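All of the numbers you see were taken from the coordinates with simple rules; none came from a lab. Note that the coordinates shown come from a computational prediction; the quantities given were computed from them, not determined experimentally. With ideal geometry, Cβ positions are generated from the backbone for all residues, glycine too; neighbour counts draw on all protein chains shown.
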Amino acid sequence: MSYSRILGTGSHLPSRTVTNADLEAIVDTTAAWIQERTGIEKRHLVSDDETCCDLAEAAARKALQAADVQPSDLDLILVATTTPDQFFPSTACLLQQRLGVRGCAAFDLQAVCTGFVYAIGVADKFIRTGSAKRALVVGAETLSRVLNWKDRGTCVLFGDGAGAVVLGAADQPGIISSHLHADGAYKDLLQIPGGIGNGHPEACFMEMKGNEVFRVAVTTLGRIVDETLEANGLAKSDIDWLIPHQANIRIIQATARKLDLPMERVVVTVADHGNTSAASIPLALDQAVRDGRIRRGELLLMEAFGGGFTWGSVLMRY
Ligand code: UT7
């Protein structure tokens, strides 16, 4: 059995930025409230003619280049997204066509903000079992399209973007473990209630009971950290970098405290990106790889929590 490891990373953000002060003009909020309660200062939002697949493609091309892998070398394309361009074909199939390749497996994975962590867990299993040698894993979102711009409790929180990694088979890990969980009993706390299957396509806007989500997120992420360390016989001090889902700086700080990790060892992008759901972790990873903070051989812990609820972690040696 082989392992999987990251060969290259990439990311892409839409060029349009919206500051907290810009939001004061469209919803009953203040720049200070957003900054104090969430840590967010600005976010990138797509323009009218920009799609999730556009973001995914730009991030994917950078990851392929960094990995020195050709699209034709891919056995698997996996896109984690809650905001696909179309109901079908999947964004992964659209991306495959853009990359000019045919035949390899391509599908979307929907686990909301935990999507990228889930997708890495799935792609790792493809590679470990020999079903794939090279996998492109993308987290891409255009959540601005499903926000209610009159709901100050949600619309100030989210942003658009994409991040990608190329995973390749290796003799040594790489991905050491992934721990994936869900509990649908919490379905009503964070949701887009509309859908085709339930006959309510008109209700495709996000609803969140933010305060309750916050409380469950903090305790659940604490538990997933313990689970990951225990399963691998590691101490907190073994972790070099925490790459958390970027929902709220206060949630990130709580997880860092749980790990006794100084904030200098935590990759934080929430101030500049807001919450980009499945894109937030690969965006943060790519930023820290490209600016030289994360180096080969270091131990990285990724963790995420989102609608469903879903939550999970990936432990890897970069
Ligand atoms: O990524 C998936 C998982 N998502 C998350 O993890 C998000 C988790 N939740 C959160 O990050 C936080 O709960 C929020 C940032 C959403 C809200 O922060 P909070 O400290 O929990 O605020 P709150 O919901 O308890 O609301 C406090 C007050 C309320 O006013 P009253 O009732 O005390 O008068 C809200 O109406 O803040 C008010 N408020 C706002 N005020 C100005 C809520 N949103 C805003 C806003 N601007 N945008």
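Against the numbered list (1) among the β-branched types (V, I, T); (2) in contact with a Cys (Cβ under 6 Å, 6 or more places away or on another chain); (3) farther than 20 Å from S11 by Cα, T129 comes up short only at (2).
When the residues of segment 273-318 are narrowed to those that are within 14 Å of the ligand (Cβ to nearest atom) and of a type in the set (V, I, T), which ends up nearest to V213 (Cα to Cα)? Going through the qualifying residues, I end up with T310. Here the helices (runs of 4 or more DSSP H) wholly within segment 206-285 that include at least 1 residues being touching a Phe, Trp or Tyr at 6+ places or on another chain (Cβ under 8 Å) and under 30 Å from G194 (Cβ atoms) are 210-231, 249-258.
Checked against (1) within 11 Å of I40 (Cα to Cα); (2) among the aliphatic types (A, V, I, L, M); (3) surrounded by fewer than 21 Cβ atoms within 10 Å (Cβ to Cβ), V270 passes all but a single condition, namely (3).
So, in segment 85-113, of the ones that are in a loop (DSSP other than H, G, I, E, B) and touching a helix residue (DSSP H, G or I) at 6+ places or on another chain (Cβ under 8 Å), which residue ends up nearest to A182 (Cα to Cα)?
Step one: list which residues in segment 85-113 are in a loop (DSSP other than H, G, I, E, B), which gives 85-90, 99-104, 110-111.
Subset that is touching a helix residue (DSSP H, G or I) at 6+ places or on another chain (Cβ under 8 Å): 85-86, 99-102, 104, 111.
Working: D85: 25, Q86: 25, L99: 33, G100: 35, V101: 34, R102: 33, C104: 29, A111: 9 Å.
Within segment 85-113, the match that is nearest to A182 (Cα to Cα) is A111.
Among the residues of segment 18-55 satisfying the criterion of being closer than 25 Å to G292 by Cα and away from the ligand (no atom under 16 Å from the Cβ), which is farthest from the chain's Cα centre (by Cα)? Result: H44.
When segment 107-163 is limited to residues that are of a type in the set (D, E, K, R) and crowded, with 20+ Cβ neighbours inside 10 Å, the one that is nearest to the ligand (Cβ to nearest atom) turns out to be E141. Residues that are farther than 29 Å from G153 by Cβ number at least 2 in the following helices (runs of 4 or more DSSP H) confined to segment 1-68: 52-67.
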